[in-house]
Amino acid sequence: MATRNTLHVEVVTAERELYNGEAEIVDAPGADGQLGILPEHAPLLALLGPGPLEIKLRGNDSIFFVSGGFLEVSHDRVTILADTAEQAEEIDEARAQQARRQAEERLQDVQSRTERAELQAALMRALSRLRVVEIARRSGRVR
């Protein structure tokens with residue numbers, strides 16, 4: 001239950017619930033830039049872009065990668081409906097590096113605008129996953 005100093009946060013995808021608990025701060029990748037959500041935030045509905053989602057509570061940070069989706073804030077509740085999401089510890093760094101390399105290589109020979117957009121989106125997802133791993137590594141959560 002949210003207190004005056006916390007928010008209740010739920011992070012879900014179509015497949016699973018990744019987080020259901022309290023937070024002092026939610027830092028999310030909005031489609032147009034980072035969103036910082038604190039207790040008593042005004043109601044909000046926002047599109048999410050790919051990037052790190054950080055949920056902070058008394059020094060215990062939970063770090064996730066989200067590929068996009070929606071964020072809703074209402075009455076000290078934050079609901080994140082992510083297209084896909086992974087906890088930092090679940091990310092395979094080698095696989096993310098490989099996806100980054102493949103997207104960069106394929107962008108060299110792109111033929112159409114559609115293909116370029118798809119490859120740029122894939123590159124952004126790979127780079128965002130790697131950023132989440134780095135954030136988690138700095139906080140001591142992933143080695």
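The values are calculated or read from the model by the stated rules, or taken from the named source; none is laboratory data. Keep in mind that this is a model prediction, so the values were computed, not measured. Cβ placement follows ideal geometry from the backbone for every residue including glycine, while neighbour counts extend to all protein chains displayed.
Each residue in region 30-41 was checked for being surrounded by 13 or more Cβ atoms within 10 Å (Cβ to Cβ) and part of a loop (DSSP other than H, G, I, E, B), and 4 pass.
Note on region 1-29: residues that are in a loop (DSSP other than H, G, I, E, B) and β-branched (Val, Ile, Thr) total 3.
Can you tell me which residues in region 60-84 are among the small types (Gly, Ala, Ser), at negative phi and modelled with pLDDT under 95? Break it down into steps so the answer makes sense when it comes.
As a first pass, look at region 60-84 and keep what is among the small types (Gly, Ala, Ser): 62, 67-69, 74, 82.
Those still in the list that are at negative phi too: 62, 67, 74, 82.
Listed by number, the residues that qualify are 62, 67.
In the set (1) of a type in the set (D, E, K, R); (2) under 23 Å from residue 125 (Cβ atoms); (3) not assigned by TED's automatic domain parsing to the domain that holds residue 129, residue 24 fails one condition alone, (2). If you go through region 93-143 and keep only what is among the polar types (S, T, N, Q) and either over 16 Å from residue 50 (Cα atoms) or without any contact (Cβ under 8 Å) to a residue 40 or more places away in the chain (or both), you end up with 97, 98, 102, 108, 111, 112, 114, 120, 139. Screening 101, 95 for residues that are at pLDDT 90 or above, under 20 Å from the mean Cα position of the chain (by Cα) and part of a helix (DSSP H, G or I) leaves exactly one candidate, 95. Of the residues making up region 42-70, those that are among the polar types (S, T, N, Q) and assigned to a strand (DSSP E or B) are 60, 62.
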